[in-house]
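The values are calculated or read from the model by the stated rules, or taken from the named source; none is laboratory data. If you're wondering where the values come from, they're calculated on a predicted model, not measured in any experiment. We place every Cβ from the backbone using ideal geometry, glycine too, and count neighbours over all the protein chains shown. For the accessible areas, the whole protein counts, side chains as well, though only heavy atoms, and no ligand, DNA or RNA atoms are used. Shrake-Rupley method; radii C 1.70, N 1.55, O 1.52, S 1.80 Å.
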Amino acid sequence: MTYLIQHQISEDEALRNRVTACAAFEGVENPAAWAFERRWELSAQPGWAEAYRESTAELPGADESAVTDAMILDGVKAVYSAGN
């Protein structure tokens, strides 16, 4: 992981929208605000930086083969259980 990649993940709107959708599905109250407020914790989830960096897509956050939906679900659950 590099801090630059972590920053890019935290600012990636497509990835944040995917996180928001996951959070909504998981019953998180106000999922868009939750995803935005926790973008740094989410960007540090295991495997995210490596997957994001390895993506060859123009928009890595929209590349479902990079940071996968399963990784997002695991990240949302981990961050939510750590303190909402």
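Before moving on, here are some points about what is shown:
- Rule-of-thumb Rg ratio for the chain [Cα; 2.2 N^0.38 Å; N residues]: 0.97
- Per DSSP, loop GluC sites (Glu not before Pro) in the range 16-54 with at most 16 further Cβ within 10 Å: GLU26, GLU29
- Computed over protein heavy atoms with a 1.4 angstrom probe, the accessible surface ordering of MET71, MET1, largest first, is MET1, MET71.
- Other residues with beta-carbon under 13 Å from the beta-carbon of GLN6 carry, at +1 per Lys or Arg and -1 per Asp or Glu, a net charge of -2.
- Using Cβ point charges alone (K and R +1, D and E -1), the dipole size of the chain about the Cα centre works out to roughly 200 debye.
- Paramagnetic label reach from GLU41 (point 7 Å along Cα→Cβ; backbone nitrogen cut-off under 17 Å): within the range 60-82, residues 72-82.
- Calculated log₁₀ intensity ratio I(q)/I(0) where the Debye formula runs over C-alpha points of the range 40-84, q = 0.31 Å⁻¹: -1.12
- Helix runs (DSSP H) in the chain reaching 20 Å along axis by Cα, Kyte-Doolittle at least 0.5: none
- Rounded to the nearest 10 square angstrom, VAL76 shows an accessible area of 0 square angstrom against a 1.4 Å probe.
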